[in-house]
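The values are calculated or read from the model by the stated rules, or taken from the named source; none is laboratory data. Bear in mind that the values here come from a model prediction, so they are computed numbers and not experimental data. Note that each Cβ is placed from the backbone with ideal geometry, even for glycine, and that neighbours are counted across all protein chains shown.
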Amino acid sequence: MNASTPHDPSGSAEKDRTALPADGEIVYPPGWGGKTANSPAIVGTHADSLLMVDGQSEELIRQFVEHLPVPVAMFDRHMRYLVVSRRWLEHYDLEHREVIGQLHYDLFPDIPVRWRIAHQRSLAGQILRCEKDWFERDNGEIEWLRWELCPWRTASGEVGGVILFSEIITDQHQAEQLVRDREERMRSLLDTVADAIVTIDSEGTIQSVNSATERMFGYLSHELVGQNVRILMPEPYYQEHDNYLRRYHATRQPRLIGTGRELVARRKDGSTFPVGLAVNEMPHLGLFTGIVRDISAERALQKQVLEIASEQDRRIGQELHDSIQQQLTGLGLLAQNLVDAVTDHYPVEAPLASRVASGIKEVTRQVHLLSRGLIPVEIDAEGLSAALRGLVTRLNNPPHLSCVLRCPSPVQVTDNFTATHLYRIAQEAVNNALKHSHADQIEIVLASDAAALTLEVRDNGLGIRNKRQSSQGMGLRIMQYRAGLIGGTVQIDARDGGGTRVRCTVFRGSLPHGQSR
């Protein structure tokens, strides 16, 4: 505790503790220091008290203190030096000065008032400690230190002086400051990022979030830190997350970590929104970092583009149905009349007329199918169910193919955009089952509950042979894209006993109010 100029860049803190009586017997070596006859040889502390050593020579005590690896000095009641360590002399540039017997304040006349007060408090019996303090050297350089003041007592129990331990921690302070500066720069950088960044531990507990997380989810930082990251997830992710973490720790086989994925997230108010999520592991820290990007605007734009395209398809389909198909139907009737007329009178031309009539009939059928494909779902609450029944009717062809629709209770979807994409997902899954899995039994299940609307396509085909096939093949990307546009997800997995299950889930919070029931 030495200084030349009272310049305080950060302030100081002292911690008081009550002095305790010494445990050991106090011994007074003769001629101690050549200055004071009653100066005890103090070599350490025990239970916050000073211990004295019996029968030790003055020279032994001096050598012991002198070679202590820390800066330490012993003073009498007037703050005169009794003994010091070499490290003390080195730290305070006193190697070439005689300090024993000198007044501490003569060597450091500009010592701060706060330290003079601390000396007096310790001389009054208090044990004081400061974990971080500062002083300024004569050259203007600021040094940081921690110190402790401990009184030593005479045989009568009176305070005979103080022991001062002082350790220079400038390098440590500068290293800590460097770390704090880096953390602050990193925090500032993370807070400027538009994406939410969430760090969790191995148990899924949130350790930190950036400002974008607060804006995106509606929580304050302190409301999230310490919570399980499930708080940001709707069903079914809320229930599945802990099992996923346990499975990953047990097998080290990631399904999401190290890859990007589009999911649905939940805000504080309970509303959901589509997000792009990338998760990476920091194994040396036992942490996972998730980067969450709100893709609501992208989804809205994609939906708008597809709505325009769907409307164009609808107009073309309507034109095919109302105009071209009607004309073809009329031509078909004329062709059939022609066949009837020439059969008896022109037997040579009759086969040609019959081929024309059959061709017109086939073209009429193809145009009808094309128009139905362009307008798969009627604009009413029962349109999706009706469209799926039509799909099943067209496909069902016993004994070669059995295709059934199961709908335990009526499912009404009033938004034609959502209904159309659900139909397209079912259509794609059915086509995959026929073309790639060679299934001869297909089951379509449509259901709705309080949490979500669910569409499943199950088959008894070849199934999924490997993980890569399930993630990249079978048109899954197309189905995932369509599901994402309506706020849903698609999962594909193998069925017990063989075959494949494609499951599309549209969460209730992602549907416009009143859209399905």
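Quick grid of which residues meet (1) among the hydroxyl-bearing types (Ser, Thr, Tyr); (2) surrounded by 14 or more Cβ atoms within 10 Å (Cβ to Cβ); (3) touching a residue at least 40 places away in the same chain (Cβ under 8 Å):
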{"position": "GLN63", "(1), (2), (3)": "no, no, no"}
{"position": "LEU68", "(1), (2), (3)": "no, yes, no"}
{"position": "PRO71", "(1), (2), (3)": "no, yes, yes"}
{"position": "TYR92", "(1), (2), (3)": "yes, yes, yes"}
{"position": "HIS96", "(1), (2), (3)": "no, no, no"}
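Inspect all residues belonging to the range 247-263 and state whether any of them is at pLDDT below 85, of a type in the set (A, V, I, L, M, F, W, C), part of a helix (DSSP H, G or I) and more than 30 Å from ARG482 (Cβ to Cβ).
Of the residues in the range 247-263, the ones at pLDDT below 85 are 247-263.
From what is left, the residues that are of a type in the set (A, V, I, L, M, F, W, C) are 250, 256-257, 263.
Okay, now just the ones that are also part of a helix (DSSP H, G or I), so 250.
Among the residues that remain, those that are also more than 30 Å from ARG482 (Cβ to Cβ) are: 250.
Among the residues of the range 247-263, at least one is at pLDDT below 85, of a type in the set (A, V, I, L, M, F, W, C), part of a helix (DSSP H, G or I) and more than 30 Å from ARG482 (Cβ to Cβ), which makes the answer yes.
So, LEU285, is that one part of a loop (DSSP other than H, G, I, E, B), assigned by TED's automatic domain parsing to the domain that holds GLN207, among the aliphatic types (A, V, I, L, M) and closer than 30 Å to SER202 by Cα or not?
yes
For the subset of the range 100-125 comprising residues that are buried (at least 19 other Cβ atoms within 10 Å of the Cβ) and modelled with pLDDT of 90 or more, which member is farthest from ILE168 (Cα to Cα)?
So in the range 100-125, the residues buried (at least 19 other Cβ atoms within 10 Å of the Cβ) come out as 104, 111-112, 115, 118-119, 122-123.
Keeping just the survivors that are modelled with pLDDT of 90 or more gives 104, 115, 118-119, 122-123.
Details: HIS104: 18, TRP115: 16, ALA118: 18, HIS119: 19, SER122: 21, LEU123: 23 Å.
That would be LEU123.
Only residues in the range 206-232 that are under 15 Å from ASP191 (Cβ atoms) and crowded, with 17+ Cβ neighbours inside 10 Å count as the first member; pair them with residues that are at pLDDT 90 or above and among the β-branched types (Val, Ile, Thr), Cβ under 6 angstrom, at least 6 apart or cross-chain, and list the lot.
As it stands, the answer is VAL209/VAL198; ASN210/ILE197; THR213/VAL198; LEU224/ILE206; LEU224/VAL209, since those pairs meet every condition given.
Out of the residues in the range 39-93 that are of a type in the set (S, T, N, Q) and either under 27 Å from ASP138 (Cα atoms) or in contact with a helix residue (DSSP H, G or I) (Cβ under 6 Å, 6 or more places away or on another chain) (or both), which is modelled with the lowest pLDDT?
Filtering first and then ranking leaves SER39.
Is it fair to say GLY332 is over 30 Å from SER211 (Cα atoms), surrounded by 13 or more Cβ atoms within 10 Å (Cβ to Cβ) and under 51 Å from the mean Cα position of the chain (by Cα)?
For GLY332, the condition - over 30 Å from SER211 (Cα atoms), surrounded by 13 or more Cβ atoms within 10 Å (Cβ to Cβ) and under 51 Å from the mean Cα position of the chain (by Cα) - is not met.
Which condition breaks for GLU235 when tested against (1) exposed (fewer than 11 other Cβ atoms within 10 Å of the Cβ); (2) under 21 Å from GLY270 (Cβ atoms); (3) of a type in the set (Asp, Glu)?
GLU235 satisfies every listed condition except (1).
What about ILE295, is it closer than 19 Å to PHE417 by Cα and in contact with an Asp or Glu (Cβ under 8 Å, 6 or more places away or on another chain)?
yes
GLN441 - would you say it is over 20 Å from ILE492 (Cα atoms), assigned by TED's automatic domain parsing to the domain that holds ILE478, surrounded by fewer than 19 Cβ atoms within 10 Å (Cβ to Cβ) and not charged (D, E, K, R)?
Considered against the rule, which asks whether it is over 20 Å from ILE492 (Cα atoms), assigned by TED's automatic domain parsing to the domain that holds ILE478, surrounded by fewer than 19 Cβ atoms within 10 Å (Cβ to Cβ) and not charged (D, E, K, R), GLN441 comes out as no.
Could you give me the residue pairs with C-beta distances under 7 Å whose first residue belongs to the range 324-353 and is acidic (Asp, Glu), whose second residue is crowded, with 17+ Cβ neighbours inside 10 Å and in a helix (DSSP H, G or I) wherever it lies, and which are 6+ apart or on separate chains?
Within 7 Å, the pairs are GLU349/VAL342.
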